[in-house]
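Okay, structure first, notes after.
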Amino acid sequence: MRATGLAPQLVASLAVSAALSSLAAGGATNPRSEARGLIVQNEILKKQIELASQDSFVLVLDPARETLALMLKGAVLRTYRVSHVEIGDPRVAFVSRGETLDWQGKIWSKGHLVPPRQQDRIEIVPPPPGAGEDAAAEPPVPPTPEERYPVPRRYGIRFAEGLFLEILPLGDSGGGLGDRIAAWWEDLREVTRAEPTDRLRLRLSLRQGDSEALYRSLPPDTKLLALPPD
Amino acid sequence: MFGSDLNAAREGTIERSRRSSLVFSIPFRLRPGKWGVAAVIFLVVLGIAAYGTGFSYRPAREFAMVLPSQPSTNPVELQKDLGRLRSQQKTLQNALRQKSPRGTYVIIDQTLNRLYLKKDGDTIFEAKCSAGSGMVLQEGGGKNRRWIFDTPRGQFKVLQRVQNPVWKKPDWAFVEEGKPIPSDPDERFEYGTLGEYALHFGNGYMIHGTLYERLLGRSVTHGCIRLGKEDLRKVWSAVPLGTPIYIY
């Protein structure tokens with residue numbers, strides 16, 4: 001189905017719904033399975049309508065179609081291609097302490113970058129009043145976005161409800177031995193807390209350009225909606 | 001002890017000496033006694049536990065969503081549910097379609113300084129622009145006014161289209177230059193600095209032209225969106241009043 005006039009994420013969502021409906025019309029599937037599928041799709045549609053009615057930026061993750069879309073009010077602002085979506089359970093001595101039941105179809109809120117994007121605000125110093133026509137100093141030429149916001153090799157987006165979305169560049173090998181030890185140590189400290197900050201982690205691989213663009217452009221307090229498989 | 005007994009004893013002693021020489025070559029304080037062995041075992045167990053501590057990753061292929069309800073097992077009820085769910089789905093799909101933009105709209109990435117002209121979800125045009133610098137201007141002389149030159153994020157729409165716009169300079173423009181704020185409104189007007197066109201989208205923010213095209217792609221403005229001359233002409237011709245603008 002090609003639906004013109006609609007954003008790709010919406011097309012995907014409606015296409016799945018249409019497929020389910022056509023199967024129902026043909027009677028080709030188990031009615032109970034079909035009903036379950038419709039319940040899932042309707043819940044997702046309700047969540048998407050709820051998010052499109054708010055003023056919040058939203059990331060919509062579709063692991064089946066390998067896309068991560070930044071959206072606002074139902075408009076897709078940018079789509080990032082995603083590879084290798086993985087889910088990480090926190091465990092201590094091989095015993096899981098995580099909750100993995102309902103990370104799909106749920107709205108995760110107040111996403112913020114870890115480490116945060118540094119913004120140094122330059123204060124303009126105006127010349128004293130009456131200093132003359134040419135006294136105003138030429139403001140410095142600001143850096144390009146690439147210079148202004150260096151992107152860490154690995155970063156994440158932490159949501160208030162305990163989900164951490166880790167972003168890796170495609171082909172990332174984990175860095176050197178020091179990087180891996182540092183990452184392992186951070187994970188160890190995180191999972192051994194009495195109240196872990198991250199109850200669940202999702203790990204995505206993005207192309208280098210997309211990974212950097214997402215880090216530089218992500219608005220504050222972005223929400224996340226992960227879609228279930230078809 | 002006699003003869004062969006003596007030799008046997010001597011050989012036994014030598015053999016015991018060889019075996020124990022390994023032990024006796026270790027400094028006395030490091031010889032593994034029972035506590036040492038326990039410590040080694042403890043460290044090995046700790047190491048294995050540490051290896052199994054952290055985050056364990058697997059491909060995210062499973063269904064992991066809590067459903068608000070489950071389908072009925074009664075065949076008659078199930079058929080009714082199916083009809084209701086299909087009807088509900090159509091309603092929801094229509095509602096979601098209404099929320100999405102249709103026709104022409106503008107998307108601006110203010111960090112990467114890019115403007116995208118979209119039509120029906122497809123990008124028909126992309127341009128380098130300049131967004132707010134994020135700089136801060138504090139008014140001196142004991143006054144408390146402070147301006148932060150950010151471009152706002154969110155959804156807006158084109159409220160006004162102006163050809164050959166004239167800039168009515170706000171107070172900060174005079175403060176920034178160290179000039180007194182004029183009492184005569186006519187002294188605020190500046191001609192030619194905004195280019196050929198301006199598209200207002202609220203609170204004094206506009207998409208307009210610039211005299212400094214070499215700085216396009218950098219965050220240099222006081223909050224407005226600047227475009228180069230040719231790009232501004234294309235946007236002007238494609239964007240009517242009421243066109244949605246999304247800035248992130």
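Among the residues of the range B:134-144, are any touching a helix residue (DSSP H, G or I) at 6+ places or on another chain (Cβ under 8 Å), crowded, with 16+ Cβ neighbours inside 10 Å, at the interface with another protein chain (Cβ under 9 Å from one of its Cβ atoms) and closer than 27 Å to A:M71 by Cβ? Within the range B:134-144, not a single residue is touching a helix residue (DSSP H, G or I) at 6+ places or on another chain (Cβ under 8 Å), crowded, with 16+ Cβ neighbours inside 10 Å, at the interface with another protein chain (Cβ under 9 Å from one of its Cβ atoms) and closer than 27 Å to A:M71 by Cβ.
Among the candidates B:G134, B:G141, the residue that is in a loop (DSSP other than H, G, I, E, B), in contact (Cβ under 8 Å) with a residue 24 or more places away in the chain and not polar (S, T, N, Q) is uniquely B:G134. Among the residues of the range A:79-92, those that are surrounded by 19 or more Cβ atoms within 10 Å (Cβ to Cβ) and more than 7 Å from chain B (Cβ to nearest Cβ) comprise A:Y80, A:V82. Residues in the range A:152-161 that are surrounded by 16 or more Cβ atoms within 10 Å (Cβ to Cβ) and either within 12 Å of chain B (Cβ to nearest Cβ) or without any contact (Cβ under 8 Å) to a residue 40 or more places away in the chain (or both): 2 in all.
Of all the numbered requirements in (1) modelled with pLDDT of 90 or more; (2) surrounded by 14 or more Cβ atoms within 10 Å (Cβ to Cβ), A:E190 misses one, and that requirement is (1).
Residue-by-condition table, conditions (1) among the basic types (K, R); (2) under 16 Å from the mean Cα position of the chain (by Cα); (3) farther than 19 Å from A:T197 by Cβ:
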| position | (1), (2), (3) |
| --- | --- |
| A:E66 | no, yes, yes |
| A:M71 | no, yes, yes |
| A:L77 | no, yes, yes |
| A:V82 | no, yes, yes |
| A:P90 | no, no, no |
| A:F94 | no, no, yes |
| A:R97 | yes, no, no |
| A:D102 | no, no, no |
| A:K106 | yes, yes, no |
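Surrounded by fewer than 15 Cβ atoms within 10 Å (Cβ to Cβ) and out of contact with any His (no Cβ under 7 Å at 6 or more places or on another chain): does that describe B:R161? Answer is no for this residue.
Kindly indicate which of A:A35, A:A24 is more than 15 Å from the chain's Cα centre (by Cα), buried (at least 22 other Cβ atoms within 10 Å of the Cβ) and either at the interface with another protein chain (Cβ under 7 Å from one of its Cβ atoms) or at pLDDT below 95 (or both). Spell out the reasoning first.
Details: A:A24 fails: buried (at least 22 other Cβ atoms within 10 Å of the Cβ).
The unique qualifying residue is A:A35.
Annotation: A:E50 fulfils all but one of (1) in contact (Cβ under 8 Å) with a residue 12 or more places away in the chain; (2) at the interface with chain B (Cβ under 9 Å from one of its Cβ atoms); (3) out of contact with any Pro (no Cβ under 9 Å at 6 or more places or on another chain); (4) closer than 25 Å to B:P71 by Cα; the unmet one is (2).
For the range A:104-132, residues that are touching a strand residue (DSSP E or B) at 6+ places or on another chain (Cβ under 9 Å), in a loop (DSSP other than H, G, I, E, B) and modelled with pLDDT under 90 total 4.
Within the range B:99-126, the set of residues being surrounded by 19 or more Cβ atoms within 10 Å (Cβ to Cβ) and of a type in the set (A, V, I, L, M, F, W, C) comprises B:V106, B:I107, B:I108, B:L112, B:L115, B:L117.
The values are calculated or read from the model by the stated rules, or taken from the named source; none is laboratory data. No experiment lies behind these values; they were computed from the predicted model shown. Ideal geometry is used to build each Cβ from the backbone, glycine not excepted, and the neighbour counts take in all protein chains shown.
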